[in-house]
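The values are calculated or read from the model by the stated rules, or taken from the named source; none is laboratory data. What you are looking at is a predicted structure, and each value in this text was computed from that prediction instead of being measured. Neighbour counts run over all protein chains shown; Cβ positions are idealised from the backbone, glycine included. Quick note on the areas: whole protein, heavy atoms, side chains included, nothing else; ligands and nucleic acids left out. Shrake-Rupley method; radii C 1.70, N 1.55, O 1.52, S 1.80 Å.
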Amino acid sequence: MPLPPASGTGRYFVKAAKSIRLIRQGCTNRPFFHISVTHRKRLNSQPVIEQLGSYDPMPNFNNEKLVALNLERIKFWLGHGAHVSPPVAELLGLAGFFPIHPRSYMTAWRNRRTERENSEKQKEAEAAAKTADAA
Amino acid sequence: MSLFKLFQKNTKNVINHYNNLQITAISSRKLSILPSIYDGEQDPGPKFFSSGVQALLKRLTRPDFAKVFRKRTNSNLSVLRTPKYKFLTDEELKAEMSKANQTAARLLQMPPVVKVHEPINEVLSKDPALVGYDTSKYLFTDITFGVPNEHRLIVERNPDGTLQNCDHDTRKRLNQIYFPMQGRKVREPIMFADEEKFNGLLEAEKYEYILDRACIQYEPDEPNYQKITSITYQHVDMKTNFNLLRSTRHFGPLVFYLTWHQSMDNLMLELLQSGIVREAVLLMGLRHAIHEDITNADEVNVLVPQILPTPVQLTKPETLSEEDIQMDNKCVDCIAKYITNNSAMKSQQELALQGFREDYQQLVDLSRGLKKAHGNA
């Protein structure tokens, strides 16, 4: 059977619940995601209704992550009551299209905390090494 | 050990010294052309696009169909086709000619000359609570169908939490990634990025190649485009290689550049030496349209609309009608005034004009004599 087109098959039931999610399209050790709208009950491996964008989670040579969003179609599907999955909501929040997702703040805060802890640990280790040298 | 170190240091020094020497050698060989871009107070756009200036530039291009329609590559054809010869009636020939004229007008459409764009630094929001979310930048592109590249929404979220509109370089890169333009590269081609290579191309006089590629690679309001074209134009002017760019779409912007920067006297000299006085008057008209500093502007303004409808002179005329002679004499007087009042290369241009006068007198005598001999003088 031929693969369904990346842009989607466009076949859907009008009243069924839709969901805008990330669908992994890369290969092993190289993730790449399509942002697609699909039936909420369908698996990610099944053909989607429409592709709405893409997300490349691996930074490029300029240390940038690229996200493409078809905002017109996203608005259309949101207007039809589509559910948005948390990773997509986070991306849309970062893009300034949605309010920032609470999970983004949580991640940022946790990252800051681990960094702080790591630096404190490092300082302690250095201090300990100094005292050992002095002794 | 220490001896070895010393030796190492010395070799390093020697190598460094050698490198420095090499660099100085290269820089002395480099062309000392300073690019000048359209970034001043005045915007060249309105002047360039005004219909009068466009007509002058198109006429100064001196379109030669043999060059406009020449075969440039056989990249898409495995075998070059032989030309077709057809018998045509007068009407059919006229239709074919008008078609060819239209195609030539399309091929000779000039790349626009506009002011350099302003940098974009519009911050949309600042959110310090997002510091630490990610170490890399997020770039968001709106890929909505049917939005032109220049109006596309492209924003970036920096690691410090600011959301801002992207600058022109990033916009261009992302537009090229999501909506590729044939022939344009995401990274700057090495012939533009590497100065040595660029100078090599200039020295090989591949001006048309440089300018064509620059047209594809850059937008006309990019500083890089204007730098590259300005260096190329100055090189053409320095080497008086105007004929290489004639009847190409780049000649108009070249003339506009030279006139805008008040350095069109070399071109004027070249026109006088090749004996095309009408175009010299058109060049004066162009200078007046841009700077309004010609002393005998009234004469030029009268002559220019008379010259524009006359056919393009590709070769020297063999015989002259009385009207032609009258017009050319007017042109010569006009140019003589220009040389005494406005020119920066007076003596050379005077000499060239004198040479033209002598040649022209011979031609006039010849054509008048011919007419007399034919008995219809």
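Testing A:Val84 on (1) surrounded by 15 or more Cβ atoms within 10 Å (Cβ to Cβ); (2) more than 27 Å from A:Ala16 (Cβ to Cβ), one condition comes back false. Which one is that?
Just one mismatch for A:Val84, condition (2).
Does A:Leu43 meet the test of being more than 12 Å from chain B (Cβ to nearest Cβ), out of contact with any strand residue (DSSP E or B) (no Cβ under 7 Å at 6 or more places or on another chain), surrounded by fewer than 19 Cβ atoms within 10 Å (Cβ to Cβ) and closer than 24 Å to B:Val147 by Cβ?
So A:Leu43 does not fit the description; no.
Look at A:Glu72 and say whether it is more than 10 Å from chain B (Cβ to nearest Cβ), more than 14 Å from the chain's Cα centre (by Cα) and open to solvent by 70 Å² or more (accessible area, probe 1.4 Å). Let's see the steps before the verdict.
On the way: more than 10 Å from chain B (Cβ to nearest Cβ): no; more than 14 Å from the chain's Cα centre (by Cα): yes; open to solvent by 70 Å² or more (accessible area, probe 1.4 Å): yes.
No.
What are the residues in segment A:76-103 that are under 15 Å from B:Phe140 (Cβ atoms) and charged (D, E, K, R), if any?
Hit for segment A:76-103 is A:Glu90, nothing else.
Return a yes/no flag: does segment B:184-192 have any residue that is farther than 30 Å from A:Pro57 by Cα and not hydroxyl-bearing (Ser, Thr, Tyr).
Within segment B:184-192, one or more residues are farther than 30 Å from A:Pro57 by Cα and not hydroxyl-bearing (Ser, Thr, Tyr).
Of B:Leu244, B:Leu303, which residue is open to solvent by less than 10 Å² (accessible area, probe 1.4 Å) and among the aliphatic types (A, V, I, L, M)?
Details: B:Leu244 fails: open to solvent by less than 10 Å² (accessible area, probe 1.4 Å).
Going through B:Leu244, B:Leu303 in turn, just one is open to solvent by less than 10 Å² (accessible area, probe 1.4 Å) and among the aliphatic types (A, V, I, L, M): B:Leu303.
Hey, could you check segment B:282-300 for residues that are open to solvent by 20 Å² or more (accessible area, probe 1.4 Å) and part of a loop (DSSP other than H, G, I, E, B) and say which is farthest from B:Leu60 (Cα to Cα)?
B:Thr295
Conditions first: (1) of a type outside the set (Ser, Thr, Tyr); (2) open to solvent by 100 Å² or more (accessible area, probe 1.4 Å); (3) not in a loop (DSSP other than H, G, I, E, B). B:Arg81 passes all but one, so which condition is the exception?
Result: B:Arg81 passes all but (3).
So, restricting to strands (runs of 3 or more DSSP E) that lie completely within segment B:101-202, which ones have at least 1 residues that are open to solvent by 20 Å² or more (accessible area, probe 1.4 Å) and in contact with a strand residue (DSSP E or B) (Cβ under 9 Å, 6 or more places away or on another chain)?
In segment B:101-202, B:123-126, B:137-142, B:162-165 are the strands (runs of 3 or more DSSP E) which contain 1 or more residues that are open to solvent by 20 Å² or more (accessible area, probe 1.4 Å) and in contact with a strand residue (DSSP E or B) (Cβ under 9 Å, 6 or more places away or on another chain).
Of the residues that sit in segment B:334-350 and are outside any helix (DSSP H, G or I) and not small (Gly, Ala, Ser), which one is most open to solvent (accessible area, probe 1.4 Å)?
Taking the candidates together, the pick is B:Met345.
In this structure, does B:Tyr360 turn out to be over 16 Å from B:Met284 (Cα atoms) and in a helix (DSSP H, G or I)?
Values: over 16 Å from B:Met284 (Cα atoms): yes; in a helix (DSSP H, G or I): yes.
Criteria met by B:Tyr360.
Scanning segment A:51-60 for residues that are more than 9 Å from every other protein chain (Cβ to nearest Cβ) and surrounded by fewer than 20 Cβ atoms within 10 Å (Cβ to Cβ), which turns out farthest from the chain's Cα centre (by Cα)?
It comes out as A:Met58.
Every residue in segment B:258-273 that is in a helix (DSSP H, G or I), closer than 22 Å to B:Cys215 by Cβ and open to solvent by 10 Å² or more (accessible area, probe 1.4 Å), please.
Here is the first cut: in segment B:258-273, the residues in a helix (DSSP H, G or I) are B:258-260, B:265-273.
Next, only the ones that are closer than 22 Å to B:Cys215 by Cβ stay: B:258-260, B:267.
The answer is B:Trp260, and nothing else.
Right, B:Lys71: more than 14 Å from chain A (Cβ to nearest Cβ), open to solvent by 60 Å² or more (accessible area, probe 1.4 Å), assigned to a loop (DSSP other than H, G, I, E, B) and closer than 30 Å to B:Lys227 by Cα or not?
When the stated conditions are applied, B:Lys71 passes them.
Hey, could you check segment B:146-167 for residues that are without any contact (Cβ under 8 Å) to a residue 12 or more places away in the chain and within 11 Å of chain A (Cβ to nearest Cβ) and say which is nearest to A:Glu50 (Cα to Cα)?
Looking at the filtered set, the residue picked out is B:Gly146.
Can you find a residue that is loosely packed, with under 13 Cβ neighbours inside 10 Å, assigned by TED's automatic domain parsing to the domain that holds B:Ile276 and small (Gly, Ala, Ser) anywhere in segment B:315-327?
Within segment B:315-327, one or more residues are loosely packed, with under 13 Cβ neighbours inside 10 Å, assigned by TED's automatic domain parsing to the domain that holds B:Ile276 and small (Gly, Ala, Ser).
Any chance you could count how many residues in segment B:119-145 are within 7 Å of another protein chain (Cβ to nearest Cβ) and of a type in the set (Asp, Glu)?
2
Does B:Leu308 satisfy the criteria of being under 19 Å from B:Leu57 (Cβ atoms), without any contact (Cβ under 8 Å) to a residue 60 or more places away in the chain and not charged (D, E, K, R)?
Numbers: under 19 Å from B:Leu57 (Cβ atoms): yes; without any contact (Cβ under 8 Å) to a residue 60 or more places away in the chain: no; not charged (D, E, K, R): yes.
Considered against the rule, which asks whether it is under 19 Å from B:Leu57 (Cβ atoms), without any contact (Cβ under 8 Å) to a residue 60 or more places away in the chain and not charged (D, E, K, R), B:Leu308 comes out as no.
What number of residues in segment A:89-121 are over 23 Å from B:Thr170 (Cβ atoms) and more than 7 Å from every other protein chain (Cβ to nearest Cβ)?
16
Have a look at A:Glu64, A:Glu115 and point out the one that is among the acidic types (Asp, Glu), closer than 25 Å to B:Arg157 by Cβ and either surrounded by 14 or more Cβ atoms within 10 Å (Cβ to Cβ) or within 13 Å of the chain's Cα centre (by Cα) (or both).
The conditions single out A:Glu64.
On the given criteria, is A:Ile20 among the aliphatic types (A, V, I, L, M) and either assigned to a loop (DSSP other than H, G, I, E, B) or within 14 Å of chain B (Cβ to nearest Cβ) (or both)?
no
Being over 30 Å from B:Lys239 (Cα atoms), in contact with a Leu (Cβ under 7 Å, 6 or more places away or on another chain) and within 13 Å of chain A (Cβ to nearest Cβ): is that true of B:Tyr178 here?
So B:Tyr178 fails the test.
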